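Chemist: Sending over a structure as structure tokens; questions will come in a sec.
The values are calculated or read from the model by the stated rules, or taken from the named source; none is laboratory data. Everything quoted here is computed from the prediction, not taken from an experiment. So basically every Cβ, Gly included, is an ideal-geometry build from the backbone, and we count neighbours across all protein chains shown. Calculation scope for accessible area: heavy atoms of the full protein, side chains included, ligands and nucleic acids excluded. Shrake-Rupley method; radii C 1.70, N 1.55, O 1.52, S 1.80 Å.
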Amino acid sequence: MKPEANLTGLFVPLVTPFTDDLRLDPDALACLAHEALSAGARGLVALGTTGEAATLTTEEKQAVVRICAAACRAHGAPLIVGVGTNDTAAAITTLRELAQSGDVTAALVPAPPYTRPGEAGTLAHFTALAEYGGLPLVVYDIPYRTGQSLSTSTLNALGHLPEVVGIKYATGAIDAAAMELLGSSAPGFTVLGGDDAVISPLLAAGAHGGILASANLRTADFAELISLWQRDATEPARRLGAELARLSAALFAEPNPTVIKGVLHAQGRIPSPAVRLPLLAASVDSVRRAADLAARTHQVHQEAVA
């Protein structure tokens, strides 16, 4: 029997705020966490790609999880933590450590990147994590980062593993495979959209929510979009979805999370737009375009549902 993770709705994968000299700013992170949950997010994701987990030290990762866990406890919200590695044994160790804290609802785990072990190897990887990790798992299907695609049959096999409670679906397309997944997923297996610009049609097709980097901005609007589709409020959902898709496209005009951080800094919500190499800060033009769209989205949304 699967654990009761209840991972429907909006999850915000938080950025990791840095100071100008690239130190972690814990106070800014705590503010972002509380703001997102107060604005309607169902929960948070720590240590995702958006959080620049690949360039954080072990101590910084621990601090990020502690801060996000404290915010989630205060709001009664679930916390998902990214565990991205192509070393199965190391992933099991990390999962066990997270499970021991008692603060983590589930781990977001991609298919093993770079190694590309194939579908059989990927299934064996998740089977080992499910058996020995001690924590519910959300499969992260994102082929353009992992270097391999997973068939619907493999995803369904993963969905039947006892500890696999959901998937972040970010294949870059809403196609026959997506429709098959949405129509055939196992009981207790939650499908969360991960391609921000097309989250609205995926929700219309039956997705249960989303893990959306763009929701670091206009969190309330993204939460309302999910709610509108769940209530079958088709016309306002389409209008709001179209506006948020334009915002998402602007936020991903340069590598994630550079534009998002630029806009958050322009709004005075983080102390610096700084990112760590190999990322470079987003251009002024990209930040300006995204900031303009972010400022307009709420107004259009209010008109759409008035």
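Chemist: Quick check on my filter: what residues within segment 122-169 are more than 22 Å from LEU203 (Cβ to Cβ), open to solvent by less than 10 Å² (accessible area, probe 1.4 Å) and under 17 Å from the mean Cα position of the chain (by Cα)?
Modeler: Selection gives LEU137, THR146.
Chemist: Continuing with the same structure: Looking at GLY188, GLY172, GLY209, which is the one that is surrounded by fewer than 22 Cβ atoms within 10 Å (Cβ to Cβ), of a type in the set (Gly, Ala, Ser) and touching a residue at least 60 places away in the same chain (Cβ under 8 Å)? Outline the logic, then answer.
Modeler: On the way: GLY172 fails: touching a residue at least 60 places away in the same chain (Cβ under 8 Å); GLY209 fails: surrounded by fewer than 22 Cβ atoms within 10 Å (Cβ to Cβ).
When all the criteria are applied, what remains is GLY188.
Chemist: Something else now. For the list (1) open to solvent by less than 60 Å² (accessible area, probe 1.4 Å); (2) over 17 Å from THR8 (Cα atoms); (3) more than 20 Å from the chain's Cα centre (by Cα), I need the number of the one condition that PRO113 fails.
Modeler: (3)
Chemist: Within segment 67-84, does at least one residue satisfy the condition of being over 30 Å from ARG218 (Cβ atoms) and basic (Lys, Arg)? Steps first, please.
Modeler: Restricting attention to segment 67-84, the residues satisfying the condition of being over 30 Å from ARG218 (Cβ atoms) are none.
No, segment 67-84 contains no residue that is over 30 Å from ARG218 (Cβ atoms) and basic (Lys, Arg).
Chemist: Could you list, in sequence order, all residues of segment 93-104 that are open to solvent by 40 Å² or more (accessible area, probe 1.4 Å) and either farther than 19 Å from VAL165 by Cα or of a type outside the set (Lys, Arg) (or both)?
Modeler: Here is the first cut: in segment 93-104, the residues open to solvent by 40 Å² or more (accessible area, probe 1.4 Å) are 93-94, 96-97, 100-103.
Correct list: THR93, THR94, GLU97, GLN100, SER101, GLY102, ASP103.
Chemist: Here's something else I'd like to know. Could you tell me whether ALA245 is over 28 Å from ALA282 (Cα atoms) and aliphatic (A, V, I, L, M)? Break it down stepwise before answering.
Modeler: Numbers: over 28 Å from ALA282 (Cα atoms): no; aliphatic (A, V, I, L, M): yes.
Criteria not met by ALA245.
Chemist: With the condition kept exactly as written, say whether any residue in segment 236-254 is open to solvent by 10 Å² or more (accessible area, probe 1.4 Å), over 18 Å from the mean Cα position of the chain (by Cα) and at positive phi.
Modeler: no
Chemist: Which of the residues spanning segment 1-20 are surrounded by 17 or more Cβ atoms within 10 Å (Cβ to Cβ), farther than 20 Å from LEU202 by Cβ and touching a Pro at 6+ places or on another chain (Cβ under 9 Å)?
Modeler: Passing the criteria: LYS2, VAL15, THR16, PRO17, PHE18.
Chemist: Follow-up. Out of (1) more than 25 Å from GLU163 (Cα to Cα); (2) without any contact (Cβ under 8 Å) to a residue 60 or more places away in the chain; (3) open to solvent by 20 Å² or more (accessible area, probe 1.4 Å); (4) in contact with a helix residue (DSSP H, G or I) (Cβ under 9 Å, 6 or more places away or on another chain), what's the single condition that is false for THR58?
Modeler: (4)
Chemist: Can you tell me which of (1) out of contact with any Lys or Arg (no Cβ under 8 Å at 6 or more places or on another chain); (2) open to solvent by 10 Å² or more (accessible area, probe 1.4 Å); (3) among the small types (Gly, Ala, Ser) is the one ALA77 doesn't meet?
Modeler: Every listed condition holds for ALA77 apart from (1).
Chemist: Is segment 24-43 home to any residue that is open to solvent by less than 30 Å² (accessible area, probe 1.4 Å), in contact with a Leu (Cβ under 7 Å, 6 or more places away or on another chain) and not in a helix (DSSP H, G or I)?
Modeler: There is at least one residue in segment 24-43 that is open to solvent by less than 30 Å² (accessible area, probe 1.4 Å), in contact with a Leu (Cβ under 7 Å, 6 or more places away or on another chain) and not in a helix (DSSP H, G or I).
Chemist: Any chance segment 221-228 includes a residue that's open to solvent by less than 40 Å² (accessible area, probe 1.4 Å), farther than 12 Å from ALA41 by Cα and charged (D, E, K, R)?
Modeler: Of all residues in segment 221-228, those open to solvent by less than 40 Å² (accessible area, probe 1.4 Å) come to 221-223, 225-228.
Among the residues that remain, those that are also farther than 12 Å from ALA41 by Cα are: 228.
Still in the running and charged (D, E, K, R): none.
No, segment 221-228 contains no residue that is open to solvent by less than 40 Å² (accessible area, probe 1.4 Å), farther than 12 Å from ALA41 by Cα and charged (D, E, K, R).
Chemist: Which of the helices (runs of 4 or more DSSP H) found entirely inside segment 204-297 contain at least 1 residues meeting this: over 26 Å from HIS34 (Cα atoms)? Full working, then the answer.
Modeler: Numbers: elements: 219-230, 234-251, 258-266.
Qualifying helices (runs of 4 or more DSSP H): 234-251.
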